[in-house]
Amino acid sequence: MKVNTLLLTSLLAVSLTGCSTVKNTYHKLMADEGDEIVSTAKDGAAPLLKLKQSIKIKKLWSTSIGDGTDGFYLKLSPVAGDDVIYAAERDGAVMAINIETGKRRWKANTKRRVSGGPGHGEGMVLVGTRDGEVLALSDENGAFLWKAQVSSEVLSAPKADLGVVVVRTVDGKAYGLDATTGKRLWVYERAVPLLTLRGTSAPQLEDGLAIIGFDGGILSALDITNGSLVWEKRIAMPTGRSTLDRMVDIDAEPIIENGIIHVATFQGHVSVVELSSGRIAWVREISSYAGLGIDGDNVYLSDEESEVWALERYSGNSVWKQEKLKSRSLTAPVNVGDYVVVGDFDGYLHWMNREDGSLAGRIRLDSSKIITTPFVIDDTLYAYSSKGKLAAFKAEELSQ
């Protein structure tokens, strides 16, 4: 019987085979000789160089969400509702935070080890636990609604739509649960490879489909109502002799916009896939476990070496590549106005110009690492550290 071995983040720091080959022209933004170092690096990561900031980054508010991930590699990504942000910590607290002020609206203590979430939908805030539970709370006041048992640990956010909660578990299964009662409606299963990254891709729900990335590089589209397979596409093919070489997980969340799925795989590809058919429009051989972001023109990607790419959204051609943050364990990029932002292992948020990738500014959220991808609402950027600090930032150009 196969044993699913979790590859911890320390393994990601070693040199891996199968590095991407660049076939298009891009801007290499390297450090110049003699640049002044203002923050030393660790574990071979790029140091931070003195930066002449072209923008002013203002912290609007910050608040504490308990102990955050409590030192564990958990992507407990906050999620926005209409006028609140829902956030969770590993020790079981779930909170609703006013999006404008950072003041707490409500707090619920689940008394569980939360490992996935929160998700939001159908009037609920949803979290998954280390012990394979899915918990549903009222998004109005945090009142407990129901609990459902699934087969194993939940490491990504459950999602809800059309009266169904879809949740992914680490043992290769996806469940559909009744949004009113938590009763199991369906289960879909794929075999789990011997070695995988620690983490799972959260389901993305769109047009009656649940789009789910699985270990082994498979992207599946399931009917939300009954779990039947609509289409399935292999985004990356395992290659190489060793188990490590053949690991091609989809751990980052796919992004869906205008009927197009954007998806990245570790030691595999970045691909654009049609939602309705599963047809692949273009592919680039770039490896990523952090994931990607998009805007109207580009796909932005943090690769396995923490180099940030901008690719043309409709062709996959390279626009620019930022290498000054190499090996800083970057989050996926997010677009905010004229800038692209990533977080790193030292608690810094880095603003890059979306036109050429040059560094425009940075600010430190916390002394702890940023694991979860920042998110944007109305040109305000929100970020969450592993020690539980949630903060809102806004950038503006400095006057000349």
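The values are calculated or read from the model by the stated rules, or taken from the named source; none is laboratory data. As the structure is a computational prediction, the values presented were derived from the model and not from experiment. Note that we place each Cβ from the backbone using ideal geometry, even for glycine, and neighbour counts take in every protein chain shown.
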- request: Could you tell me whether any residue of the stretch 307-328 is crowded, with 21+ Cβ neighbours inside 10 Å, under 21 Å from Lys389 (Cα atoms) and within 18 Å of the chain's Cα centre (by Cα)?
  value: yes
query: Can you name the residue in the stretch 350-364 that is charged (D, E, K, R) and surrounded by fewer than 19 Cβ atoms within 10 Å (Cβ to Cβ) and is also nearest to Val336 (Cα to Cα) among such residues?
result: Glu355
query: From Val150, Val167, which residue is touching a residue at least 12 places away in the same chain (Cβ under 8 Å) and within 22 Å of the chain's Cα centre (by Cα)?
result: Val167
- line: Scanning the stretch 359-400 for residues that are among the charged types (D, E, K, R), closer than 24 Å to Tyr86 by Cβ and part of a strand (DSSP E or B) gives Lys389, Lys394
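Determine whether the stretch 152-164 contains at least one residue that is of a type in the set (Asp, Glu) and more than 23 Å from Asp251 (Cα to Cα).
So far as the stretch 152-164 goes, no, none of its residues is of a type in the set (Asp, Glu) and more than 23 Å from Asp251 (Cα to Cα).
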- prompt: Taking only pairs six or more apart or across chains, which ones have beta-carbon atoms under 7 Å, a first residue in the stretch 273-290 that is closer than 14 Å to Gly316 by Cβ, and a second residue that is of a type in the set (S, T, N, Q) and assigned to a loop (DSSP other than H, G, I, E, B)?
  reply: Trp282/Ser315; Glu285/Ser20; Glu285/Thr21; Ile286/Ser20
query: Taking the stretch 206-227 on its own, how many of its residues are part of a strand (DSSP E or B) and either without any contact (Cβ under 8 Å) to a residue 60 or more places away in the chain or more than 16 Å from the chain's Cα centre (by Cα) (or both)?
result: 12
- prompt: Quick one: Met95 ticks every box in (1) buried (at least 24 other Cβ atoms within 10 Å of the Cβ); (2) under 17 Å from Ser201 (Cβ atoms) bar one, so which box is it?
  reply: (2)
- prompt: Would you pick out the residues in the stretch 328-355 that are of a type outside the set (D, E, K, R) and out of contact with any strand residue (DSSP E or B) (no Cβ under 6 Å at 6 or more places or on another chain)?
  reply: Ser329, Gly337, Phe345
Strands (runs of 3 or more DSSP E) fully within the stretch 125-202 counting 1 or more residues that are farther than 18 Å from Lys111 by Cα: 159-161, 164-168, 173-178, 184-189, 195-197
query: In the stretch 48-64, is there at least one residue being assigned to a loop (DSSP other than H, G, I, E, B) and either buried (at least 19 other Cβ atoms within 10 Å of the Cβ) or not assigned by TED's automatic domain parsing to the domain that holds Val336 (or both)?
result: no
task: Can you tell me which residue within the stretch 171-205, out of those that are under 17 Å from Ala221 (Cα atoms) and surrounded by fewer than 17 Cβ atoms within 10 Å (Cβ to Cβ), is modelled with the highest pLDDT?
output: Val187
task: Could you run through the stretch 347-399 and say how many residues are farther than 21 Å from Val308 by Cβ and among the aliphatic types (A, V, I, L, M)?
output: 5
task: Can you give me the number of residues within the stretch 267-301 that are of a type in the set (D, E, K, R) and closer than 11 Å to Leu311 by Cα?
output: 3
